[in-house]
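Structure record follows, encoded as structure tokens.
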Amino acid sequence: MKRRFLLLIVAFLLLTFVAYAGNNVQTWTVVRQFKSETHFTGVQFLNDKIGWVSAWSGMIAKTIDGGKTWKYYKTCTDQNLDSAYFINENIGWAVGSNGTIIQTRDGGKTWKFQNSNTEDELNSVYFIDTKLGWVVGGGIGGTILHTKDGGKTWIRQDSGTMSELFKVFFIDSQKGWATGLWGTILHTKDGGKSWQAQPTNLSQSLFGLSFIDENTGWVVGTFGTILHTKNGGKTWIKQLTSTDQHLWEVDFANDQYGWATGWEGVTIHTKDGGELWLSQLGNTSSDILGLDFINELEGWAVASTGSILHTKDSGNTWETQLSADDAPLNGVSFPNKQFGWAVGVNGLILHTADYGKTWKKQDAGTNNELYSVFFFDENTGWAVGNQYTILYTSDGGKTWQSQQDNMINPQATLGNNNKLCLDGYNAIYDVHFESDQEGWIVGYNGLIFHTKDAGQNWLPQESGVKEPLLSVHFINNKEGWAVGNKGIIIHTSNGGEQWEEQFSDAHEPFLDVFFIDANHGWAVGFGPIASTNDGGKTWICQNNDTGTALWGIYFESKNNGWVVGANGVIIHTKDGGKTWQTQQSGTNDWIFDVCYSGNSLWAVGRKGIILKYSTSERS
């Protein structure tokens, strides 16, 4: 099912990956990389306690305590299982590769084969009772199988399509739908004796499917596609979403509350039936292939690389019940060559005390996503993130304390009684310190705060902008720059007492900024690299030929610098950015940040990857 579609996408990306001119000798070493031996494909919960997860290699996981603990069961097959469905606590079915259909009658402890009479890939299974069920999949003619006796016999139904089918759902014994390649939606009113195509006028493949009654339903697919019907599929209307990522699954708890998940951990949510879809922060950068909500508050999601996520607040926060250790790392800081820290989603903080050879988790005391980390020395550091999170340590991360309550009330940013106005989207995106006492943070809605006492008091500064500020950099306690959405660049020459906007030709977001001195600086993001040699009075665009998002930048001198970005891109310049050459990163995963210390460069990114580049390896 989605597995083969994903492989096609990966192959396409590999074929179209840009080959840059320059030295392609491997210079970076991967020192930490997630490798999964588990591939989850779907999840189903009967209630708030009992649930199952389907997986590759014939594995089924089960919980009887709401996901606090999971037990793995090896079924009677080694085939990959793409879908499982339970009609009650004991009876269930799973389907997968090479026409595999298996059944359990003891809640998943033991399984027996059922004869499908096909070797087609079977992608989805659905039963309305212990007797009536349907399976859909690939193969010539868009495979649909039906049973009237709980699977003792399976009979092929005529789908009327050549498209592979990915999902099947029935609202009762007669009315059902199936989704597939090239905008395919099929509908039956007679239990599958006849299937009719419903018009979508789309070429996008459709995967997830959710109906709450015989009229109201949603389907999702590639490139952020969401379709909605109010008349059983006679007409499908496209809904606007906050993503263009591929969506694999959708689930609605009622006619208002719904969720969709997909490529690279994307999660979006609606509270009004899809009139407005908003992004939610997840705890994985892997594809979320399975999704099930038992009501408008509580649900579970599973990621392809072996993570199980759980929410009890409609997806505003997700806890990791079973971790694949694949959480993306957003920021990295090395105050010297021996000690380093990296931060990421779900409050993840990793620490090394042996030059990066081993990394251990530290307790952040929060599940909020962390975007940036800065250590002044091996003891003193800060980490910032979602929901205005500010964490501080004075003992190298053995303990972390929140400094959120130390933010002094700025009228436009905080509410009454000096309390933060948390609306689910507020975040601090970057932190920078010039000493162990003085530093700045930037974030949502043009936010800038400044401290002169290591964060005991954070005082607001007026940025003059309302767009998110995503990066801040100072060269001393007076001269600094911040960049953000819509190509914003602002500058201060008095420690932030006044900020003034500088102008470039960029309109896309800048994600990082770095200055080597008062004159020479660079900004990177979704467009060209911007550079200045006069402190930002004028900015010019530098061509790098990557054609991809650039997330992090570091310059050792005004000539020698590195930039990291999407698809494992690392580029290097020896002439201040006039020309850029690729360096092989050893990964195709996105790289979000880069830092330098002790003659080594460090970079971090998706799936918890950490890279190192040493002076002795430089060309």
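Conditions (1) under 14 Å from the mean Cα position of the chain (by Cα); (2) among the hydroxyl-bearing types (Ser, Thr, Tyr), marked per residue:
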residue	(1), (2)
GLN280	yes, no
THR284	yes, yes
THR305	yes, yes
HIS310	no, no
VAL332	no, no
PRO335	no, no
GLN338	no, no
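Residues are listed down the side, and each one gets a yes or a no for (1) within 26 Å of GLY608 (Cβ to Cβ); (2) of a type outside the set (S, T, N, Q); (3) not in a loop (DSSP other than H, G, I, E, B):
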{"position": "ASP505", "(1), (2), (3)": "no, yes, no"}
{"position": "LEU511", "(1), (2), (3)": "yes, yes, yes"}
{"position": "ALA530", "(1), (2), (3)": "no, yes, yes"}
{"position": "CYS541", "(1), (2), (3)": "no, yes, yes"}
{"position": "THR546", "(1), (2), (3)": "yes, no, no"}
{"position": "ILE553", "(1), (2), (3)": "yes, yes, yes"}
{"position": "LYS558", "(1), (2), (3)": "no, yes, no"}
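Only one of the listed residues (ILE610, ILE570, ILE553) is modelled with pLDDT of 95 or more, crowded, with 23+ Cβ neighbours inside 10 Å and closer than 20 Å to ASP430 by Cα. That residue is ILE553. Restricted to strands (runs of 3 or more DSSP E) entirely inside segment 66-141, those with at least 1 residues that are basic (Lys, Arg) and either at pLDDT 95 or above or over 19 Å from LYS193 (Cα atoms) (or both) are 71-74, 112-114. The single condition from (1) at pLDDT 95 or above; (2) under 18 Å from ALA61 (Cβ atoms) that GLN256 fails is (2). Only a single criterion out of (1) in a strand (DSSP E or B); (2) surrounded by fewer than 23 Cβ atoms within 10 Å (Cβ to Cβ) is not satisfied by VAL384, namely (2). For segment 346-360, does any single residue satisfy the condition of being under 19 Å from VAL564 (Cβ atoms), surrounded by 21 or more Cβ atoms within 10 Å (Cβ to Cβ), touching a Phe, Trp or Tyr at 6+ places or on another chain (Cβ under 9 Å) and of a type outside the set (Lys, Arg)? Checking segment 346-360: at least one residue is under 19 Å from VAL564 (Cβ atoms), surrounded by 21 or more Cβ atoms within 10 Å (Cβ to Cβ), touching a Phe, Trp or Tyr at 6+ places or on another chain (Cβ under 9 Å) and of a type outside the set (Lys, Arg). Within segment 524-541, residues that are aromatic (Phe, Trp, Tyr) reach partners that are modelled with pLDDT under 95 and part of a loop (DSSP other than H, G, I, E, B) with beta carbons closer than 8 Å, at six or more positions or on different chains, in the pairs PHE526/GLU508; PHE526/PRO509; PHE526/ALA549; TRP539/PHE503; TRP539/SER504; TRP539/ASP505; TRP539/ALA506.
Results for (1) free of Cβ contacts under 8 Å to residues at least 24 places away in the same chain; (2) not in a loop (DSSP other than H, G, I, E, B), shown as yes or no for each residue.
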site	(1), (2)
PRO335	no, no
VAL343	no, yes
ASP354	yes, no
GLY396	no, no
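Applying the set (1) crowded, with 21+ Cβ neighbours inside 10 Å; (2) within 20 Å of LEU289 (Cβ to Cβ) to PHE169 leaves exactly one unmet item: (1). In the set ILE144, ILE60, only one residue is crowded, with 18+ Cβ neighbours inside 10 Å, within 24 Å of ALA301 (Cβ to Cβ) and among the aliphatic types (A, V, I, L, M); that residue is ILE60.
In this structure, is LYS357 of a type in the set (Lys, Arg), modelled with pLDDT of 95 or more and more than 25 Å from the chain's Cα centre (by Cα)? Quick ask: steps written out before the conclusion?
Working: of a type in the set (Lys, Arg): yes; modelled with pLDDT of 95 or more: no; more than 25 Å from the chain's Cα centre (by Cα): yes.
Taking the combined requirement at face value, the residue does not satisfy it.
Residue check: is ALA518 in contact with a Phe, Trp or Tyr (Cβ under 9 Å, 6 or more places away or on another chain), among the small types (Gly, Ala, Ser) and free of Cβ contacts under 8 Å to residues at least 60 places away in the same chain? Taking the combined requirement at face value, the residue does not satisfy it.
With the structure loaded, tell me whether ASP453 is assigned to a strand (DSSP E or B) and either of a type outside the set (A, V, I, L, M, F, W, C) or surrounded by fewer than 21 Cβ atoms within 10 Å (Cβ to Cβ) (or both) or whether it fails that test.
On the way: assigned to a strand (DSSP E or B): no; either of a type outside the set (A, V, I, L, M, F, W, C) or surrounded by fewer than 21 Cβ atoms within 10 Å (Cβ to Cβ) (or both): yes.
Answer is no for this residue.
Residue count for segment 184-193 satisfying the condition of being in contact with a Gly (Cβ under 8 Å, 6 or more places away or on another chain) and either buried (at least 19 other Cβ atoms within 10 Å of the Cβ) or part of a loop (DSSP other than H, G, I, E, B) (or both): 6.
The values are calculated or read from the model by the stated rules, or taken from the named source; none is laboratory data. Not measured: the values here are computed from a predicted model. Neighbour counts are summed over all protein chains in view; Cβ atoms, including those assigned to glycine, are modelled from backbone coordinates with ideal geometry.
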